[in-house]
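A.B. asks: Dumping the structure here so I can ask a few things about it.
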Amino acid sequence: MRGRKFSSDDLQLLLLALLAERPSHGYELIKALHTRTEGFYSPSPGMVYPALTYIEELGYAIVTLDGNKKSYSLSPEGVAYLASMQSRVEELFAGLVHMAQKMKYFRSAISEETIVEEGAGWLPIFVEARRALKRALMMKSEASHEEQQRIAAILARATDDINKA
């Protein structure tokens, strides 16, 4: 998620997932993404409204007028499409949560505050373990194919172990 945060397809999936929670106006969807990411990601109206129009054109959303505002809700086709893309949606939201945590960590480091609260933030041991892994992988950039296979097997086992929790 470096540079441009999401493709238009990704933004559409995020919007559909939010609409699955409750029908909303475009501004409410922008606000929901802003809130979920603790201010890290807040798409502009110039990104959201064309995405909503496209979602409507695809038949994934139903639009009703609420005064002079449009309210969007999922159509049956939108529900089915969203279900078929559930793993991608989970990955997108996990990426948003990760980046929000990362920004919170950096803000805390800059202000020299401690961020270790009950159930929030990253523990220093977690941050150091991630850094150590990145360093170890960087040091193996020129590893032989056999060494790369060995490392990939270790990482696969670690991934499986982490995902069991």
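The values are calculated or read from the model by the stated rules, or taken from the named source; none is laboratory data. Everything numeric here is computed off the predicted structure, so don't read it as measured data. Here the Cβ positions follow ideal geometry from the backbone for every residue, glycine too, while neighbour counts run over all protein chains shown. Ligands, DNA and RNA are stripped out before the accessible areas are found, and what is left, the full protein with its side chains, is counted by its heavy atoms. Shrake-Rupley method; radii C 1.70, N 1.55, O 1.52, S 1.80 Å.
A.B. asks: For the range 30-78, name all the residues that are assigned to a helix (DSSP H, G or I), among the polar types (S, T, N, Q) and in contact (Cβ under 8 Å) with a residue 40 or more places away in the chain.
C.D. replies: Answer for the range 30-78, where residues must be assigned to a helix (DSSP H, G or I), among the polar types (S, T, N, Q) and in contact (Cβ under 8 Å) with a residue 40 or more places away in the chain: there is none.
A.B. asks: A further question on this structure: Could you list all residues from the range 18-29 that are open to solvent by less than 10 Å² (accessible area, probe 1.4 Å) and in a helix (DSSP H, G or I)? Give the derivation first.
C.D. replies: So in the range 18-29, the residues open to solvent by less than 10 Å² (accessible area, probe 1.4 Å) come out as 18-19, 24, 26, 29.
18, 19, 26, 29, listed by residue number.
A.B. asks: Shifting gears a bit: Conditions first: (1) surrounded by fewer than 12 Cβ atoms within 10 Å (Cβ to Cβ); (2) at pLDDT 80 or above. Residue 137 passes all but one, so which condition is the exception?
C.D. replies: (1)
One line per residue, one yes/no per condition, for (1) open to solvent by 20 Å² or more (accessible area, probe 1.4 Å); (2) under 26 Å from residue 104 (Cβ atoms); (3) in contact with a strand residue (DSSP E or B) (Cβ under 9 Å, 6 or more places away or on another chain):
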position: 13; (1), (2), (3): no, yes, no
position: 36; (1), (2), (3): yes, yes, no
position: 47; (1), (2), (3): yes, yes, no
position: 57; (1), (2), (3): yes, no, no
position: 61; (1), (2), (3): no, no, yes
position: 65; (1), (2), (3): yes, no, yes
position: 72; (1), (2), (3): no, no, yes
position: 90; (1), (2), (3): yes, yes, no
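A.B. asks: Which of the residues spanning the range 83-101 are touching a residue at least 60 places away in the same chain (Cβ under 8 Å) and either of a type in the set (Phe, Trp, Tyr) or farther than 18 Å from residue 32 by Cα (or both)?
C.D. replies: Keep residues of the range 83-101 that are touching a residue at least 60 places away in the same chain (Cβ under 8 Å), which gives 85, 88-89, 92-93, 95-97, 99-100.
Selection gives 85, 88, 93.
A.B. asks: Quick check: is even one residue across the range 123-133 at pLDDT below 90 and either touching a strand residue (DSSP E or B) at 6+ places or on another chain (Cβ under 9 Å) or hydroxyl-bearing (Ser, Thr, Tyr) (or both)?
C.D. replies: no
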